[in-house]
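I have placed the structure first, in the form of structure tokens, so that the comments after it can refer back to it.
The values are calculated or read from the model by the stated rules, or taken from the named source; none is laboratory data. Keep in mind the model is a prediction, meaning the values are calculated, not measured. FYI the Cβ positions are ideal-geometry reconstructions off the backbone, even for glycines, and counts take in every protein chain you see. In case anyone asks, the SASA skips ligands and DNA or RNA and just uses the protein heavy atoms, side chains included. Shrake-Rupley method; radii C 1.70, N 1.55, O 1.52, S 1.80 Å.
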Amino acid sequence: GLDFTLILLENGQVYGCGSNENGELGLGEVSSVSTPTSNRLSDIVEVSTGLSYGIYLQSKGNEGGRAFGSGSNLFSQLCEDTGGDPALEPMELAVDVNVMKIFAGRQSSYYLYDNGRVDACGRNDVGQLGDGTFEDSDNPVGVNIPKNIPIRDLGSGPSSQSVFFIAGEDTVYAAGQNYRYQLGVDTGSPEFPMRESPVLVEFEGTPWGRNDIIKISSSGTHTVAVSCPIITASPTGYPTVTPTLSPSAYPTPSPTEDPTQIPTGTPTQLPTSSPSLSPTMNPTISPTSTPTYTPTEMPTQFPTFSPSVPPTSFPTSYPTQFPTESPTLDPTLSPTLSPSSSPTESPTFLTAIPTESPSLPPTLSPTLSPTLTPTLSPTFVTAFPTESPSLSPT
């Protein structure tokens, strides 16, 4: 309205804010408020504001409801004579209880009933009540719709002195001020442009048929209507537009809803580059030295020394004492046996096996040469040596 706002919530409550000098917010006082405040109404299904007043439609279920109003009543726009005093709190209006729609004009109010009939009250100086007179009314008066055609909707505005009655499809009637042709009709009389009884408004047609007017809103000087075309002519042709997009332009959907589904399509694009991930470290450590320790495990093979000349006799007795020291061999000499000479003494065979094996470096192997002739006859050890021969690596 004028400097104030009414807000209808989904739960049927009404809040207001702004100017309240005439009680238009319905708060029981005339102080303006900056925060939306409830006026304690409930079960409200429709709100409409005039210049300095508001009206409310209360309804329960699908039945028609009751009308309430608050604010200025200077011209009895609340359908009751209060001597010009405003209504500071919402009061029930003296209209029928089967109200289906309400609409507030500048200083006039309108009520549509469930049977298509319309009543109005308030100021009527330019014929805006549509009752065929120019007299104000503090009681609801019937609008003179031609041929008593049922009305299904109303249209006006908080600063408008014009009113519209939507009957059906493209049938609309209008009454009230028309000095700027806001009724959409030409009265042919500039000195007397208003209309005190509803007149038919003819809307410009379209190539495909009539217009179904579904909403009208008006101000003090102009009017706007919302329409939906009614198709009455048969089409003579069909669109010939074809898509210009190639199949490659369509996106290829990927399964995101159900991860268990297997795509049935074939990829149309191949990767243009190889994966760039690769190990960033390579082992660079390699053995730089050879182990120098001596093996401690027993060899599984032993050198085999056997005389090339068979013995001619065997000893008949064996020593009863064992030597305490092992024979000392010259490390520079290697045993060289030659089968070309015959021994002068009978060989003596070992009667025991050494408990330890000679410790040889893993890189050396015994080398025997049969080309040299020994100067001494070979003598075989007949006891366990306590130490192994110390052989030089050379």
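Laid out as a table, the results:
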quantity	calculated
Every residue from the stretch 36-58 that is assigned to a loop (DSSP other than H, G, I, E, B) and open to solvent by 40 Å² or more (accessible area, probe 1.4 Å)	ARG40, SER42, ASP43
Subset tally (residues that are farther than 19 Å from PRO158 by Cα, free of Cβ contacts under 8 Å to residues at least 60 places away in the same chain, surrounded by 13 or more Cβ atoms within 10 Å (Cβ to Cβ) and touching a Ser or Thr at 6+ places or on another chain (Cβ under 9 Å)) for the stretch 5-31	2
Cβ-Cβ under 6 Å pairs, at least 6 apart or on other chains, the stretch 40-56 side over 13 Å from THR5 (Cα atoms), far side among the charged types (D, E, K, R)	ASP43/LYS60
Unique match (being assigned to a loop (DSSP other than H, G, I, E, B) and closer than 20 Å to VAL45 by Cβ) among GLY116, GLY132, GLY127	GLY116
Lone qualifier among ASN115, ASN98, ASN148 - being open to solvent by 10 Å² or more (accessible area, probe 1.4 Å), on the phi > 0 side of the Ramachandran plot and among the polar types (S, T, N, Q)	ASN148
The listed residue being over 18 Å from ASP131 (Cβ atoms), open to solvent by less than 30 Å² (accessible area, probe 1.4 Å) and touching a residue at least 24 places away in the same chain (Cβ under 8 Å), out of VAL185, VAL163, VAL172	VAL172
Conditions (1) within 25 Å of ASP85 (Cβ to Cβ); (2) touching a residue at least 40 places away in the same chain (Cβ under 8 Å); number of the one not met by GLU135	(2)
